[in-house]
Amino acid sequence: MAYVPDTIFALATAPGKAGVAVIRVSGTLAGKAGSALFGTLPDPRQASLRVLKDQEGRRLDQAVVLYFPERNSFTGEEVVELHLHGSVAAVNAVLRVLSDIEGLRLAEAGEFTRRALENGCLDLAQVEGLADLIDAETEAQRRQALRVLSGDLGNLAGGWRENLIRAAALLEATIDFADEEVPVDVTPEVKELLTSVQNELAEEIAGVSAAERIRTGFEVAILGAPNVGKSTLLNALAGRDAAITSEYAGTTRDVIEVRMDLNGLPVTLLDTAGLRETEDHVEGIGIERARQRAEAADLRVFLIEQGQHPDFVPHPGDIVREAKADRLRNAENAVSGKTGQGVSALVQEITQTLSERAGRSGVATRERHRVAMKRANDSLSAAAAVLALGPEHYEITAEELRSAIRALDSIVGRVDVENLLDEIFSSFCIGK
């Protein structure tokens, strides 16, 4: 007997009071569950206003209901959606009735999306894109997640896969007719296909770092000597008192983080301990943490007193500003968190610098994607080297191509991803 998955249900919207709450039921018994609650199912994908009732016929709520037949829903299964009033009591009452229906159970975290993957409605990259879209806080994150959810990465990997399958087929045909005279030398075409895929892979690999930063956020560290105005500047940038300011040196002992949205980019500003030599053990720990976080940050903003130099060499693209612009005669390249002088220009420069880096991002957004593409590219490099040795080595070349194809397949979840699924879906809420 074929295995039939349980029919699952859950609240698909955020818990708590709301204007509307959505409860989703998915599986072979979804239609039966809907009929038990409101009677005759509506026409597929046609919204219908119905009264929801319990087993004794008592009114629970009035809801807009939708019915999706198998292979025409998000999960690929038969689905019923109930759009009811967002009352905690009304939602709980409907969930209780569903739990009493034989064959139904509450969904686990990410189980609806997992079924969409298993039923071929989404590939693994699209699942990751959906998770990113749910977590998106800025416009850049939304746009990037939507590209992945729309299948752009899967389409890209699919195109590479087709070219490599074509190359492997050319080699296999030559191998199959090894004892006969083959009229066409396939080496030039195979080489062209490999070169094309390798070039595109290299470009996409180079863009993963920027894409991952859009997904997780850029970090900008504010550095400088004690009492130079770093915390005051952070507060000015954040628009609130996020850090304690004082005329006493060494006030900031730990790294203070403030999350911001700069032109759609997620940015975390880091206020760090003042860089100086100290015998204070606790302050020393803060200074060491400041140096470590600064080195790891995507961008550093150095605040210096007039005539001084940064405590360590700025990286390319880092920003250097003179502090306390309100006290300077020439404040052309200075900033003051106290008065706001130069803050807008600083924000503009930070935004422009990070936007340029974000512009180099590709479609692939995760380290998993980069590793898979790197494996594929390494296999293609090996294939190209063996291909140059001549037709007698075509079998080895073909095997390297198959290794590259398997690596690309892992991006969209065709192979070697079972160990990743639990980790990926654990980040989803119950209703997804």
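Nothing in this text is a laboratory measurement; each read-out follows from the coordinates by a stated rule. The structure displayed is predicted, hence computed values, not measured ones. A quick note on method: Cβ atoms are made from the backbone with ideal geometry, for glycine too, and the neighbour counts reach across all protein chains shown.
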Q. Roughly speaking, what is the stretch gain from Ser150 to Ala238, that is 0.36 nm per residue apart minus the C-alpha to C-alpha distance, in nm to one decimal?
A. 28.3 nm
**Q.** Note, ³J(HN,Hα) from phi for region 142-151, Karplus 6.51, -1.76, 1.60, rounded to Hz, x at Gly and Pro
**A.** 4, 4, 5, 4, 5, 4, 5, 4, 6, x
**Q.** Taking the C-alpha atoms of region 284-368, convex hull volume expressed per residue in Å³
**A.** 136 Å³
**Q.** region 152-159 - phi-based ³J(HN,Hα) in whole Hz, Karplus 6.51/-1.76/1.60, Gly and Pro as x
**A.** 4, 5, x, 5, 5, 5, x, x
Q: Please list, or write none, the lysines whose alpha carbon is within less than 28 Å of the alpha carbon of Lys230, excluding same-chain residues fewer than 8 places away.
A: Lys324, Lys338
Q) For Met260, Met373, what ranking results if the residue with the fewest other Cβ atoms within 10 Å of its Cβ goes first? A) Met260, Met373
(Q) Using amide H atoms built in the peptide plane, which far-off residues or other-chain residues are under 5 Å from Thr268 H to H? (A) Phe218, Glu219, Val220, Met260
